[in-house]
Amino acid sequence: MNYIYDILLNFNRQLYDFFEWNLSDNIIHVRKIPLFRIDSKTLLTIRDNKVKVDSSFLEKIKNKTEIFTNKDVDVIEYASLLTDGSSVIALKLNHDGKSFGKSTLLVDEDSEVLEVSDRIKELNFSYEILESEIYVPLKTRKEQKMEKFVKEELKKSQKQKDFEKLSYLYFEYFGKTEESIEKIIYQFQRQMKYGNYEMTHKLYDFFKLTSAIK
């Protein structure tokens, strides 16, 4: 069996590119993990869908992935790297063979895997598609996080009927007054819906500042 050693992985249900990884993510340091070469169609299908693999593949990878912990080395029961020679993903499965975690690799580690994959024979295994997990975000994780925070703060201000704060923000951004809290909230939400990141950023900074002052 072929292994890749000493890499970082960030398993999530959604497959984030490495530049979208957050420090708060559960990034693991892998001591070793099995590597398999598969055809491009299978790799794309596994990347974009929740799948269930056959038991024979589970047996191949069972307890073969080791990770470094603070004091020792631990084991992930079912995990592997999959590549078609052009791209790579890490896949984590449960004991039923259902996928529940995927990860990309850092650029240099991705290149290492691709180089090794040239010498690996292609593996075929059976799987079934359970549901689509295609995720093509129009916003980065940072933008999504900021937008979520702003929406929560707007909702809180509306619930508290904080007209002074909302009307101030509305005038600062739109340059005019508005007497209806509902219309103010609607306009802010509408702007975020259509990707007004500049406005979201300003609202985020304002709410963060006022939260810190309290």
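Quick rundown of the values:
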read-out	value
Residue check, LYS165 in contact with a Ser or Thr (Cβ under 7 Å, 6 or more places away or on another chain) and either over 30 Å from ASN63 (Cα atoms) or touching a residue at least 40 places away in the same chain (Cβ under 8 Å) (or both)	yes
Residue among SER126, SER167 that is within 24 Å of TYR197 (Cα to Cα) and either more than 16 Å from the chain's Cα centre (by Cα) or modelled with pLDDT of 95 or more (or both)	SER167
Residue among SER103, SER80, SER111, SER99 that is polar (S, T, N, Q), closer than 23 Å to ASN26 by Cα and free of Cβ contacts under 8 Å to residues at least 12 places away in the same chain	SER111
Failed condition for SER117, given (1) touching a Ser or Thr at 6+ places or on another chain (Cβ under 6 Å); (2) surrounded by fewer than 11 Cβ atoms within 10 Å (Cβ to Cβ)	(2)
Residue count, segment 53-81 (criterion: aliphatic (A, V, I, L, M) and not in a strand (DSSP E or B))	2
Candidate set: segment 83-96, residues that are part of a strand (DSSP E or B) and open to solvent by less than 40 Å² (accessible area, probe 1.4 Å); chosen: the one farthest from ILE28 (Cα to Cα)	THR83
Single residue of THR177, THR200 found to be of a type in the set (Val, Ile, Thr) and farther than 15 Å from LYS155 by Cβ	THR177
Evaluation of GLN160 against (1) free of Cβ contacts under 8 Å to residues at least 40 places away in the same chain; (2) under 29 Å from THR140 (Cβ atoms); (3) polar (S, T, N, Q) (one fails), failing number	(2)
Residue that is farther than 30 Å from LYS145 by Cα and modelled with pLDDT of 95 or more, where the choices are LYS41, LYS64, LYS71	LYS64
Qualifying residue in segment 37-55 (condition: loosely packed, with under 13 Cβ neighbours inside 10 Å and touching a Leu at 6+ places or on another chain (Cβ under 9 Å))	no
Evaluation of GLU143 against (1) under 28 Å from the mean Cα position of the chain (by Cα); (2) open to solvent by 70 Å² or more (accessible area, probe 1.4 Å) (one fails), failing number	(2)
Subset of segment 170-194 (residues that are open to solvent by less than 40 Å² (accessible area, probe 1.4 Å) and either more than 23 Å from MET146 (Cβ to Cβ) or among the basic types (Lys, Arg) (or both))	SER180
Some residue of segment 153-166 being open to solvent by less than 100 Å² (accessible area, probe 1.4 Å) and closer than 29 Å to PHE19 by Cα	yes
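The values are calculated or read from the model by the stated rules, or taken from the named source; none is laboratory data. All values derive from a computational prediction rather than experimental measurement. FYI the Cβ positions are ideal-geometry reconstructions off the backbone, even for glycines, and counts take in every protein chain you see. To get the accessible areas, we keep the full protein, side chains included, count just its heavy atoms, and leave off ligands, DNA and RNA. Shrake-Rupley method; radii C 1.70, N 1.55, O 1.52, S 1.80 Å.
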